[in-house]
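Comments concern the structure below.
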Amino acid sequence: MSGFRKFLLRGNVVDLAVAVLIGAAFGALVTAFTASFITPMLAAIGGKPDFSRLFFSVNGSHFRYGLFINALIAFLIIAAVVYFFVVVPINRLMERYKPAPDEPTPTKDCPECLSSIPAAARRCAFCTSAQAA
């Protein structure tokens with residue numbers, strides 16, 4: 001039981017739990033914003049009083065495409081916020097702190113086996129023949 005407690009109290013698990021809760025709250029906020037402001041404006045342009053109540057029927061079954069459009073708009077808003085406020089800054093930060101690529105080691109060809117070996121090598125790593133200095 002103590003191992004499970006250590007696992008739960010590790011920093012990564014607690015951080016992940018907080019991130020999931022904040023993400024869920026943010027998703028609910030964006031969904032409410034979409035349903036309350038965005039889709040009514042789109043519905044007013046289209047002439048319908050309530051965009052989320054749009055549907056069509058086939059043999060008595062209602063297909064509520066207005067609710068799907070609400071969810072799609074909320075998803076696009078969340079994806080844009082995550083991209084512009086998380087992904088782009090993290091990518092810039094990673095580029096800034098990315099180590100410079102190492103300079104390639106000069107090489108020469110072994111006259112015996114024609115393998116590429118470091119220029120400072122005194123013996124070939126592949127055929128073990130002695131190299132001229």
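The values are calculated or read from the model by the stated rules, or taken from the named source; none is laboratory data. This is a predicted model, so every value here is computed, not measured. Cβ atoms come from the backbone with ideal geometry, glycine included; neighbour counts cover every protein chain shown. Quick note on the areas: whole protein, heavy atoms, side chains included, nothing else; ligands and nucleic acids left out. Shrake-Rupley method; radii C 1.70, N 1.55, O 1.52, S 1.80 Å.
Things to note:
- Out of 44, 121, 80, sole residue that is open to solvent by less than 60 Å² (accessible area, probe 1.4 Å) and assigned to a helix (DSSP H, G or I): 80
- Against the list (1) surrounded by 10 or more Cβ atoms within 10 Å (Cβ to Cβ); (2) farther than 30 Å from residue 131 by Cα, the condition residue 2 fails is (1).
- Selection of the range 47-59 for residues being of a type in the set (Lys, Arg) and in a helix (DSSP H, G or I) yields only 53.
- Check on residue 112, open to solvent by 100 Å² or more (accessible area, probe 1.4 Å) and either in contact with a helix residue (DSSP H, G or I) (Cβ under 8 Å, 6 or more places away or on another chain) or not in a helix (DSSP H, G or I) (or both): yes
- Any hit, the range 60-70, residues being surrounded by fewer than 12 Cβ atoms within 10 Å (Cβ to Cβ), modelled with pLDDT of 85 or more, of a type in the set (A, V, I, L, M, F, W, C) and not in a loop (DSSP other than H, G, I, E, B): no
- Every pair of residues 6+ apart whose Cβ atoms lie under 9 Å, when the first sits in the range 80-100 and is touching a residue at least 40 places away in the same chain (Cβ under 8 Å) while the second is part of a helix (DSSP H, G or I) and open to solvent by 100 Å² or more (accessible area, probe 1.4 Å): none
- Subset of the range 83-96 that is open to solvent by 90 Å² or more (accessible area, probe 1.4 Å) and among the hydrophobic types (A, V, I, L, M, F, W, C) - its residue that is farthest from residue 22 (Cα to Cα): 94
- Checklist (1) open to solvent by less than 50 Å² (accessible area, probe 1.4 Å); (2) out of contact with any strand residue (DSSP E or B) (no Cβ under 7 Å at 6 or more places or on another chain) applied to residue 131, failing item: (2)
- Annotation note: Cβ proximity below 6 Å between a residue of the range 18-45 that is under 22 Å from residue 69 (Cβ atoms) and a residue that is aliphatic (A, V, I, L, M) and in a helix (DSSP H, G or I) (sequence gap 6+ or interchain) occurs for 30/74; 30/77; 30/78; 31/74; 34/73; 34/74; 38/73.
- Given (1) surrounded by 10 or more Cβ atoms within 10 Å (Cβ to Cβ); (2) outside any helix (DSSP H, G or I), index of the condition residue 27 fails: (2)
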